[in-house]
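I have placed the structure first, in the form of structure tokens, so that the comments after it can refer back to it.
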Amino acid sequence: MSVRITKITLTNFKSYYGEVVVPISESFVWFAILALFHSSIVGKNGSGKSALMDALCWVFGFRSQSIRTENMQQLVNDRSKREGNSEACCSLS
């Protein structure tokens, strides 16, 4: 059985404010297969690469120390906290 992730949806998670959908295209999946299941996320400094990986680790149940935080409250975007929202969400589909 194989599982295919088609998109990652982040809501107020770390540096991602509001709802952000990261689509994963079919070509990305094929590239990952051709690269022997090694893939990478590239982008400029501060673009959220590490936060995206932290979100995946969080969904798969890693503890907060593994995702570069001291407690779970640090996963909520600072701007949304100032606006009274204290929830972060990450979903895979």
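The values are calculated or read from the model by the stated rules, or taken from the named source; none is laboratory data. The structure displayed is predicted, hence computed values, not measured ones. Neighbour counts run over all protein chains shown; Cβ positions are idealised from the backbone, glycine included. The accessibility values were calculated without ligands, DNA or RNA, using every heavy atom of the protein model including side chains. Shrake-Rupley method; radii C 1.70, N 1.55, O 1.52, S 1.80 Å.
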Please list, ordered by residue number, the helices (runs of 4 or more DSSP H) wholly in the chain having 3 or more residues that are at pLDDT 85 or above. 49-59, 78-82
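Conditions (1) closer than 14 Å to residue 20 by Cβ; (2) touching a strand residue (DSSP E or B) at 6+ places or on another chain (Cβ under 6 Å); (3) among the charged types (D, E, K, R), marked per residue:
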site: 54; (1), (2), (3): yes, no, yes
site: 57; (1), (2), (3): no, no, no
site: 62; (1), (2), (3): no, no, no
site: 68; (1), (2), (3): no, no, yes
site: 73; (1), (2), (3): no, no, no
site: 78; (1), (2), (3): no, no, yes
site: 89; (1), (2), (3): yes, yes, no
Top-ranked residue of region 56-93 - restricted to ones that are among the charged types (D, E, K, R), free of Cβ contacts under 8 Å to residues at least 40 places away in the same chain and under 29 Å from residue 3 (Cα atoms), ranked as most open to solvent (accessible area, probe 1.4 Å): 63
